[in-house]
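The values are calculated or read from the model by the stated rules, or taken from the named source; none is laboratory data. In this text, all values refer to a predicted model and were calculated from it rather than measured experimentally. Positions of Cβ are generated from backbone atoms using ideal geometry, with glycine treated the same way; all protein chains shown enter the neighbour counts.
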Ligand SMILES: Cc1cc2nc3c(=O)[nH]c(=O)nc-3n(C[C@H](O)[C@H](O)[C@H](O)COP(=O)(O)OP(=O)(O)OC[C@H]3O[C@@H](n4cnc5c(N)ncnc54)[C@H](O)[C@@H]3O)c2cc1C
Ligand SMILES: Nc1ncnc2c1ncn2[C@@H]1O[C@H](COP(=O)(O)O)[C@@H](O)[C@H]1O
């Protein structure tokens, strides 16, 4: 079987609020001293794909795909260090924050191109949402562009019945599904798909694995619309909310006194609810 | 733009999320002088349909029995056909924040040639475009998106919207038979997580635990604290990822968005992604060893102390007050 994982490079979401700034002209966050990292749900997706390969035991190949700037090569190298077999970077052109329609069309064209050369991908895995803008629309758009059935919020993928058995999270529990290839899933986190830390040897090996680079021109997608990257939505405005409040800390000489104060405050609120 | 539609899963009925979506839809429809229609994917209980008819000008229900059992591909086909049956010229199609609505929204938008957006906390029309306000960068910023194509298919942070007002006369209800294909992804099993008490989204008081608890056992300690004040239990992503508590306890950007009267955060640092899920709480209290933890910038009162020392004593005192 063949699996493809879509990776997005984002500004490190762990940047503390006090260091976070907006660039009003770009209508986006200022990079400042922040690192660029792979979106966490994409790493969960890589981990899920690798676990599928391990469970299948046989001939499963995992490919990573990213539409991004040249720095996104780091994300793909890291995925290969996690033991993904091969990777492809489509070099981004134009809008630095393209909408889901542009990204979905680019990824779909790249997938078709890779399939021409190496056969169909049975499963495409994307993250449930990205840790920067978090719009979570790319998976759905990509499923439609590829004409594949899809399931969201999947936490595990197991080989079964010629296809895969999926487990996914809902607001009330878990659902199990059977999927016939080709299909698409969006991946969420659980305790079992925490991304593995690459071994030193695999980091070195990753530099020997194939990383294909494509341009929009190679995909015959070199259109104004794709480069403009905002056919369905665009950021109109962005600002930092000011919502800090004064916190009253429990005081007193002894722990007993401090906890007593805390208990009284909690009780006040609880009593007011009635 | 002419009319506005609210799209509801029949199996979920006219729940709080659907009520909020209908409320947002009515306000939007009024702002442009259009009607509010309800598109119901699959047969619903009679009282849910009746309730929708009191708030919408028109209700179109997919009659196929197969739709009772949610399957994403069939739900999508249904939504697309209901959209046409309802008139098809909607400026906006609004959905609630349940899992099913979240997964079909972007795909439905694509099929209808529209624009999609997730988790909108406020919406309004600007000419032909819908403007949707939501959080960005894990809650560190607020963004407003311009949705450039109609219909704007948006799932809403529905609890943030007032339920739709009843109309003077009930809307007309039409039941239609839809053409559905066999799905190639089939949901075969559902395990509803055991849940005592009310859903986190509806809880008045929540006690949440984080990574600082160090393991699953302290959640038992927190349960006693929660029981002493009639609270439900939640957690940070770090605690869920560690497997200490089930994933549906997670509060935050990618977990539950809660809005209790009182939220007590125990050993949770207050990362923006967590705050995003509990920022609408009326009163927030924190127990944390680190006085510089960001949570203290977002709570009304708290204590800088080890939870191991605080929680048992606090529980005892609250039990005593309750007696
Ligand atoms: C895209 C994305 C989505 C995310 N979605 C969510 C989400 O939905 N929900 C969510 O919660 N997180 C989410 N996160 C993760 C988030 O960024 C934080 O990593 C997470 O909230 C941290 O959890 P925590 O506060 O429990 O752990 P930590 O940040 O490690 O904090 C532990 C706290 O416990 C305190 N502590 C330690 N020992 C004790 C003690 N003995 N007594 C008292 N206090 C103690 C420490 O001082 C510290 O403040 C998301 C991240 C990303 C990138
Ligand atoms: N530029 C991109 N390149 C590759 N995959 C992407 C890109 N943008 C989004 N994705 C995928 O879509 C998921 C959801 O992203 P988003 O819709 O932006 O929230 C991500 O986790 C990725 O798997």
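If the condition is being surrounded by fewer than 17 Cβ atoms within 10 Å (Cβ to Cβ) and either within 14 Å of chain B (Cβ to nearest Cβ) or within 16 Å of ligand 2 (Cβ to nearest atom) (or both), then segment A:52-74 contributes A:69, A:70, A:71, A:74. Looking across segment B:231-244, the residues that are more than 27 Å from residue B:134 (Cα to Cα) and modelled with pLDDT under 95 come down to B:242, B:243. Screening segment A:75-116 for residues that are outside any loop (DSSP other than H, G, I, E, B) and surrounded by fewer than 17 Cβ atoms within 10 Å (Cβ to Cβ) and picking the one that is farthest from ligand 2 (Cβ to nearest atom) gives A:116. crowded, with 19+ Cβ neighbours inside 10 Å and assigned to a strand (DSSP E or B), is that true of residue B:83? So residue B:83 fails the test. When the residues of segment B:280-304 are filtered to those that are more than 7 Å from chain A (Cβ to nearest Cβ) and surrounded by fewer than 23 Cβ atoms within 10 Å (Cβ to Cβ), the one that is nearest to ligand 2 (Cβ to nearest atom) is B:280. Going by the structure shown, is residue B:166 more than 9 Å from every other protein chain (Cβ to nearest Cβ) and in contact with a strand residue (DSSP E or B) (Cβ under 7 Å, 6 or more places away or on another chain)? Judged against the criteria, residue B:166 is not a match. Only residues that are free of Cβ contacts under 8 Å to residues at least 24 places away in the same chain and within 12 Å of chain A (Cβ to nearest Cβ) were counted in segment B:86-122, giving 2.
Evaluate segment A:119-140: report whether one residue or more is within 16 Å of ligand 1 (Cβ to nearest atom), within 14 Å of chain B (Cβ to nearest Cβ) and part of a helix (DSSP H, G or I). Yes, the conditions are met somewhere in segment A:119-140. For beta carbons closer than 6 Å, sequence separation of 6+ or different chains, a first residue in segment B:204-217 that is within 9 Å of residue B:244 (Cβ to Cβ) and touching a residue at least 12 places away in the same chain (Cβ under 8 Å) and a second that is more than 16 Å from ligand 2 (Cβ to nearest atom) and part of a strand (DSSP E or B), the qualifying pairs are B:209/B:235; B:209/B:266. Which number in (1) over 23 Å from residue A:201 (Cα atoms); (2) in contact with a helix residue (DSSP H, G or I) (Cβ under 6 Å, 6 or more places away or on another chain); (3) within 16 Å of ligand 1 (Cβ to nearest atom) marks the one condition that residue A:41 misses? Unmet condition: (2). Restricting A:35, A:39, A:44 to residues that are farther than 20 Å from residue A:120 by Cα, away from chain B (no Cβ under 14 Å) and either modelled with pLDDT under 95 or touching a strand residue (DSSP E or B) at 6+ places or on another chain (Cβ under 9 Å) (or both) narrows the list to A:35. The residue that is surrounded by the fewest Cβ atoms within 10 Å (Cβ to Cβ), among those in segment A:1-26 that are within 16 Å of ligand 2 (Cβ to nearest atom) and in a loop (DSSP other than H, G, I, E, B), is A:12.
Note on segment B:234-244: residues that are surrounded by fewer than 21 Cβ atoms within 10 Å (Cβ to Cβ) and touching a residue at least 24 places away in the same chain (Cβ under 8 Å) amount to 3. In segment A:227-240, is there at least one residue being free of Cβ contacts under 8 Å to residues at least 12 places away in the same chain and either away from chain B (no Cβ under 11 Å) or within 20 Å of the chain's Cα centre (by Cα) (or both)? No, because not a single residue in segment A:227-240 is free of Cβ contacts under 8 Å to residues at least 12 places away in the same chain and either away from chain B (no Cβ under 11 Å) or within 20 Å of the chain's Cα centre (by Cα) (or both).
Among the residues of segment B:27-76, the one identified as at positive phi and touching a residue at least 24 places away in the same chain (Cβ under 8 Å) is B:42.
Hey, among A:220, A:224, A:246, which residue is more than 7 Å from every other protein chain (Cβ to nearest Cβ) and on the phi > 0 side of the Ramachandran plot? So the residue among A:220, A:224, A:246 that is more than 7 Å from every other protein chain (Cβ to nearest Cβ) and on the phi > 0 side of the Ramachandran plot is A:220.
I'm trying to understand the selection: among the residues of segment A:141-183, which are in contact (Cβ under 8 Å) with a residue 40 or more places away in the chain, part of a strand (DSSP E or B) and either at the interface with another protein chain (Cβ under 7 Å from one of its Cβ atoms) or out of contact with any helix residue (DSSP H, G or I) (no Cβ under 8 Å at 6 or more places or on another chain) (or both)? Across segment A:141-183, the qualifying residues are A:163, A:179, A:183. If you go through segment B:205-248 and keep only what is near ligand 1 (Cβ under 10 Å from one of its atoms) and either over 25 Å from the mean Cα position of the chain (by Cα) or under 23 Å from residue A:270 (Cα atoms) (or both), you end up with B:208, B:209, B:210, B:212, B:213, B:214, B:218, B:234, B:235, B:236.
The residues listed here are B:270, B:252; of these, the one that is under 18 Å from the mean Cα position of the chain (by Cα) and at positive phi is B:252. Residues that are more than 9 Å from chain B (Cβ to nearest Cβ) and assigned to a loop (DSSP other than H, G, I, E, B) within segment A:187-201 comprise A:193, A:195, A:196, A:197, A:198, A:199, listed in sequence order.
Rundown of residues vs (1) on the phi > 0 side of the Ramachandran plot; (2) more than 16 Å from ligand 1 (Cβ to nearest atom), yes/no style:
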| residue | (1), (2) |
| --- | --- |
| A:8 | no, no |
| A:23 | no, yes |
| A:26 | no, yes |
| A:32 | yes, yes |
| A:63 | no, yes |
| A:74 | no, yes |
| A:81 | no, yes |
